[in-house]
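First, the structure itself, so that you have it in front of you.
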Amino acid sequence: MDVHRLRRQNIGPFSPSDLFQQSAPPQSVVLDKIFLMHENLPSRFKETRGVVGETTADRYSFQAANIAATLQVSLISSHLEQFLTEKVGTNGPFHSRRRHSRSEMRHRARTSR
């Protein structure tokens, strides 16, 4: 007998399906929260240094580089989403139910300028 079928689908007041019914906060709110969290980090997680051969210092430097890269990816993806929304519109290829080919998306981007 399958153990997963015997488990209750709703565990307490939270159900995994609740995640799909919530609306996402605006990206400006998310970015503000990310930058606030970054500001509150200790300085050793903000400064990247070369490998010095000391395990602890190298580990902090690696984590700082990882945090900096993640911050840049968040910023780039936020700007990309904003750019695409402005250029293509809210009914563009990323919001449409119909999948568009790459050539259609390029054509839409060129004609919306």
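Which is modelled with pLDDT of 90 or more and of a type in the set (D, E), of D2, D58?
D58
Only residues that are within 30 Å of L36 (Cα to Cα), part of a helix (DSSP H, G or I), among the β-branched types (V, I, T) and at pLDDT below 85: list them for the stretch 69-113, please.
T85
Considering only the stretch 16-68, state which residues are farther than 21 Å from Q82 by Cα, among the basic types (K, R) and either part of a helix (DSSP H, G or I) or in contact with a Pro (Cβ under 8 Å, 6 or more places away or on another chain) (or both).
R44, R59 - these are the residues of the stretch 16-68 that are farther than 21 Å from Q82 by Cα, among the basic types (K, R) and either part of a helix (DSSP H, G or I) or in contact with a Pro (Cβ under 8 Å, 6 or more places away or on another chain) (or both).
While we're looking at this one, here's another question. Any idea which residue in the stretch 10-36 is modelled with the lowest pLDDT, counting only those that are among the aliphatic types (A, V, I, L, M), surrounded by fewer than 11 Cβ atoms within 10 Å (Cβ to Cβ) and closer than 22 Å to L75 by Cβ?
It comes out as A24.
The values are calculated or read from the model by the stated rules, or taken from the named source; none is laboratory data. This structure is a prediction, so every number in the text was calculated from the model and none was measured. Backbone-built Cβ (ideal geometry, glycine too); neighbour counts: all protein chains shown.
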